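Below is one structure; the comments refer to it alone.
The values are calculated or read from the model by the stated rules, or taken from the named source; none is laboratory data. For clarity, every value in this text was computed on a predicted model and none was experimentally measured. Positions of Cβ are backbone-derived with ideal geometry, glycine not excepted, and every protein chain shown enters the neighbour counts. The protein model used for the area step is the full one, side chains on, heavy atoms only, and it has no ligands, DNA or RNA in it. Shrake-Rupley method; radii C 1.70, N 1.55, O 1.52, S 1.80 Å.
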Amino acid sequence: MNLGERIAAVEAEIAATVAADARAVEGFRVGMLGRNGKVTLLLDELRHVPKEEKREWGQRLNQLKQAASARLEELKGALASTATAQGPEGDATRPALTGHAGSLHPISMVRQRITDVFARIGYTVSQGPEVEDDRHNFGALNFPADHPARDMQDTFFVEGGGGELALRTHTSSVQVRVMENSQPPIRTISPGRVYRNEAISARAHCMFHQVEGLYVDRGVSFAELKGTLEHFVRSMFGPDMKIRLRPSYFPFTEPSAEVDMSCTICAGKGCPVCKGSGWVEIMGCGMVDPAVLTNCGIDPEVYSGFAFGMGVERIAQLLYRVPDLRLYWENDVRFLDQFTDGAFRA
Ligand code: PHE
């Protein structure tokens, strides 16, 4: 066979090659383009071609080499797609497919961390309905019918509930249910979704998550409340964190306080997030009002208790530096992906 015929034969062979597995593809590569491959050997023959024909044969041989390379890529591609279709048995040598595993939502992760801190110091977890009656959300918690404190927790009323059924505005409603159904000692936290009639913005949403806590027993003191919250903040954010309490008002606690902690962004030095104060507000708390204990069938002459409540989105924002509350609920995978490996932990 002359050179032209041999080129044509190899060309035909390239076009006709099929490969059932990775070994066959590799065999094709070696057989054609390897050191002693058919294409390589033909290219070597260019040396013996008369000078004036070199250009023409050179082009022809280059085309042949390109055809072999192109076929090799096709075979590899076909193999990858059959292997995918066939599952792992298709080709045990191909690289593993790394699928998108997904992860917990950052709010679930943070709720879990908060729950863990309290579970370790003896708190149980209580849950209750999101559609709540007036008594559990307001009445038993000492919100008189026309009290302005109800305006701060305006919510969504449920049709057909006669004005009695609404989406709960806090999980204090769950604590009422726990107190109605059990006697002290009570040590429980209630994580869950709550709703308020708020315009949605970077700082407010009509739905958010809370973890509220309740401790009722003989002789429970304000000092224990402070110690518990300090323990919580240090467990979540680090041992150097400080807290401070500012007097506040809630209908169901007396005395009541807002809890601030050292700003996580500037470590208390003062920055735009804490408006230069070095402190950020994280929750409300107080001693359970004796009237609330009475409303729930617990004798305030014998027992006392404290309660606290925090927003999970707020805690997550301080842990992960999330600038806008709305990001949590837009389901943008680029946002959610950032929390898969804990890299954003403080
Ligand atoms: N229930 C309050 C709220 O949702 C928080 C709170 C709980 C305050 C317990 C004091 C004591 O705003």
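For the stretch 151-164, check the following and say yes or no: at least one residue is modelled with pLDDT of 95 or more, away from the ligand (no atom under 14 Å from the Cβ) and of a type in the set (Asp, Glu). Walk me through how you get there before you give the answer.
Here is the first cut: in the stretch 151-164, the ones modelled with pLDDT of 95 or more are none.
Within the stretch 151-164 (the criterion being modelled with pLDDT of 95 or more, away from the ligand (no atom under 14 Å from the Cβ) and of a type in the set (Asp, Glu)), the answer is no, since none of the residues qualifies.
Has the stretch 55-75 got at least one residue that is open to solvent by less than 40 Å² (accessible area, probe 1.4 Å) and free of Cβ contacts under 8 Å to residues at least 12 places away in the same chain? No.
Residues are listed down the side, and each one gets a yes or a no for (1) away from the ligand (no atom under 16 Å from the Cβ); (2) open to solvent by less than 60 Å² (accessible area, probe 1.4 Å):
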{"residue": "His170", "(1), (2)": "no, yes"}
{"residue": "Pro191", "(1), (2)": "no, yes"}
{"residue": "Phe208", "(1), (2)": "no, yes"}
{"residue": "Lys226", "(1), (2)": "no, no"}
{"residue": "Met236", "(1), (2)": "yes, yes"}
{"residue": "Arg246", "(1), (2)": "no, no"}
{"residue": "Phe250", "(1), (2)": "no, yes"}
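Among the conditions (1) more than 30 Å from Ser221 (Cβ to Cβ); (2) more than 16 Å from the ligand (Cβ to nearest atom), Glu180 misses just one, which is (1).
Flag: Val131 does not match the condition of being out of contact with any His (no Cβ under 7 Å at 6 or more places or on another chain), open to solvent by less than 30 Å² (accessible area, probe 1.4 Å) and at pLDDT 95 or above. Condition check for Arg120 on (1) surrounded by 14 or more Cβ atoms within 10 Å (Cβ to Cβ); (2) over 30 Å from Asp332 (Cα atoms): one failure, at (1).
Taking the stretch 256-336 and the helices (runs of 4 or more DSSP H) fully enclosed by it, the elements with 1 or more residues that are open to solvent by less than 30 Å² (accessible area, probe 1.4 Å) and without any contact (Cβ under 8 Å) to a residue 24 or more places away in the chain are at 333-336.
Against the condition within 21 Å of Ile107 (Cβ to Cβ), open to solvent by 10 Å² or more (accessible area, probe 1.4 Å), touching a residue at least 60 places away in the same chain (Cβ under 8 Å) and assigned to a strand (DSSP E or B), how does Arg203 come out, does it pass? First the steps, then the outcome.
Details: within 21 Å of Ile107 (Cβ to Cβ): yes; open to solvent by 10 Å² or more (accessible area, probe 1.4 Å): yes; touching a residue at least 60 places away in the same chain (Cβ under 8 Å): yes; assigned to a strand (DSSP E or B): no.
In short, no.
In the set (1) farther than 22 Å from Thr124 by Cβ; (2) touching a residue at least 60 places away in the same chain (Cβ under 8 Å); (3) touching a Leu at 6+ places or on another chain (Cβ under 9 Å), the condition left unmet by Gly238 is number (3).
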